[in-house]
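K.L.:
Quick one: this structure, given as structure tokens, is what I'll be asking you about.
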Amino acid sequence: MAQVTLDRVRKTYPNGFEAVQPCSVKIPDGELVVLVGPSGCGKSTLLRMIAGLEDITDGALSIGTDVVNDKDPADRNIAMVFQNYALYPHMSVAKNMGYGLKNRGASKAEIDAKVQEAARILNLGDYLDRRPSQLSGGQRQRVAMGRAIVRDPELFLFDEPLSNLDAKLRNQMRIEIRALQQRLGVTSVYVTHDQVEAMTMADRIIVLNAGRVEQIGTPTEIYEYPASTFVAGFMGAPPMNLLTAQIFEGALKLNEDTVLPITAPAGMGHKVLVGLRPEDVRLGGDGSVLFNVEIVEELGANRLLHGKLGGQDFSLSVGKDEAARTGVQPITLPVARVHFFDPDRGTRI
Ligand code: ATP
């Protein structure tokens, strides 16, 4: 097990494209850190630099106390789990799991013992003689996990390991992987573009946007105090409402008809972006704020109401037992749960 330290780690590809801007983070021993962000934000590049599959342009990467920039992947004592499982189709499950150890010259007895132990942990005992083609997607992913476990690495790296599974299996596997990681206590870096996976699995989340770290924090910190409009919009489904408002006599003016009874941390006349999470807004109120509901979206456990507030797009979420209809209706805003952002820079005020 090991702490992982990135000290201004940066990547410029040979064509001059800067895929990862200087990134500094300390991942304590045993922690699971999720790299999350939209397609092309640089998360795979960052993971591949940690794995040693991609050169580091600048900065220092340490695993434990060693700077490993120039170490081959095979010498880094890491195990990687990929989206496509990367199993050998002609080998049995047992052989796939033991392959890395065999390559390292481990004895047959040691390999057998470790494979048996991993199979027990992963509930794969009955499948050891099968080929990967005779397994379900979830079982294949477990074999890939097993192969990582038997190597007894200091660090697990996961590259979108659940992307090829259906929604139900993905939910189940993310719980399994998290439980296993906690039980083994192995420091882990996990890449996903799925914000739910990030929220549910991470000790800490690193949000990337266009090669830049937007925010590093616990899931709660990221959700409750997003550092930018990008993070506010990316983490949470449906995303946080962002309304353009002008500060006007201790309140916020959205347009001529709609003034929100909210005090903003900026001076009279200034523009701000007001962030309101859909689940923080309530239906009903004294009629001073009116929401024009255009669409009611039924989700089973709750309903989403979409429409316009002061002429701007707005959504709120209500429980399944609450009456929900289209048309103009009063709402109550959560004064203690309002977020403010600079409209030019997108940063939290
Ligand atoms: P995805 O979720 O789609 O896999 P990602 O966040 O993992 O995306 P990366 O694969 O790290 O993104 O790519 C980051 C950026 O670097 C992208 O704009 C990509 O086009 C660019 N890129 C990746 N590999 C190279 C390369 N070899 N040469 C030049 N640019 C590259």
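K.L.:
Which residues make up the longest stretch of the chain that has no trypsin sites (Lys or Arg not before Pro) in a DSSP loop with at most 16 other Cβ atoms within 10 Å?
P.N.:
131-319
K.L.:
Can you compute 3J(HN,Hα) from phi for each residue in segment 123-136, using the Karplus curve 6.51 cos²θ - 1.76 cosθ + 1.60 with θ = phi - 60°, rounded to whole Hz and x for Gly and Pro?
P.N.:
Result, rounded to whole Hz: 6, 10, x, 7, 10, 4, 8, 7, 8, x, 5, 9, 10, 6.
K.L.:
If you don't mind, another one. Quote the charge dipole size of the chain about the Cα centre in Debye, to the nearest 20; the model charges only the Cβ of Lys and Arg (+1) and of Asp and Glu (-1).
P.N.:
My answer is approximately 920 debye.
K.L.:
How large is the dipole of segment 221-318 about the Cα centre if only Lys and Arg carry +1 and Asp and Glu carry -1, each at its Cβ, rounded to the nearest 20 debye?
P.N.:
140
K.L.:
Using amide H atoms built in the peptide plane, which far-off residues or other-chain residues are under 5 Å from Ala86 H to H?
P.N.:
Here the answer is none, since no amide H 5 or more places off falls under 5 Å of that of Ala86.
K.L.:
Here's something else I'd like to know. Per residue of the chain, what 222 nm ellipticity follows from adding -39500 (n - 2.57) for every DSSP H run with n ≥ 4, rounded to the nearest 500?
P.N.:
Numbers: 8 runs with 85 residues, N = 349.
Helices in the chain give a 222 nm mean residue ellipticity of -7500 deg cm²/dmol.
K.L.:
Per the Kirkwood formula on distinct C-alpha pairs, the Rh of the chain is how many angstrom? Walk me through the intermediate numbers first.
P.N.:
Numbers: mean 1/r = 0.0440 Å⁻¹.
Kirkwood radius, the chain: 22.7 Å.
K.L.:
Another question, then. Which of Glu249, Glu322, Glu31 has the fewest other C-beta atoms within 10 Å, and how do the rest follow up to the most?
P.N.:
So the ranking, lowest neighbour count to highest, is Glu249, Glu322, Glu31.
K.L.:
In the calculated pair distance distribution of segment 10-125, what percentage of Cα-Cα distances lie above 17 Å?
P.N.:
Here the long-distance tail beyond 17 Å is 67 percent of all Cα pairs in segment 10-125.
K.L.:
While we're here: Per residue of segment 155-172, what does 6.51 cos²θ - 1.76 cosθ + 1.60 with θ = phi - 60° give for ³J(HN,Hα)? Whole Hz please, x for Gly and Pro, Karplus curve as stated.
P.N.:
8, 9, 10, 10, 10, 6, x, 10, 4, 8, 9, 6, 4, 5, 5, 4, 4, 5
K.L.:
Out of residues 5 or more away from Arg212 or on other chains, whose amide H comes under 5 Å of its own, with H placed 1.01 Å from N in the peptide plane?
P.N.:
Gln21
K.L.:
Whole-Hz ³J(HN,Hα) for each residue in segment 291-305, computed from phi via Karplus 6.51 cos²θ - 1.76 cosθ + 1.60 with θ = phi - 60°, x for glycine and proline: what do you get?
P.N.:
10, 9, 7, 9, 9, 10, 9, 8, 10, x, 6, 8, 10, 10, 10
K.L.:
Give me the extension gain from Ile175 to Lys71: residue separation times 0.36 nm, minus the current Cα-Cα distance, reported in nm with one decimal. Don't jump to the answer; show the numbers that get you there.
P.N.:
Values: separation 104, 0.36 × 104 = 37.44 nm, distance 3.27 nm.
That works out to 34.2 nm of additional length.
K.L.:
Just need the Rg to Rh number for segment 134-206, please, alpha carbons only, Kirkwood Rh.
P.N.:
0.93
K.L.:
List the residues whose amide H sits under 5 Å from the amide H of Leu260, counting only those 5 or more places along or on another chain, with H placed 1.01 Å from N in the peptide plane.
P.N.:
Amide H neighbours of Leu260: Leu252, Lys253, Leu254.
FYI, it's all coordinate maths here, none of it is from the lab. Please read these numbers as outputs of a predicted model, since none were measured by experiment. Quick reminder, even Gly has a Cβ in these numbers, built from the backbone with ideal geometry, and neighbours come from all protein chains shown.
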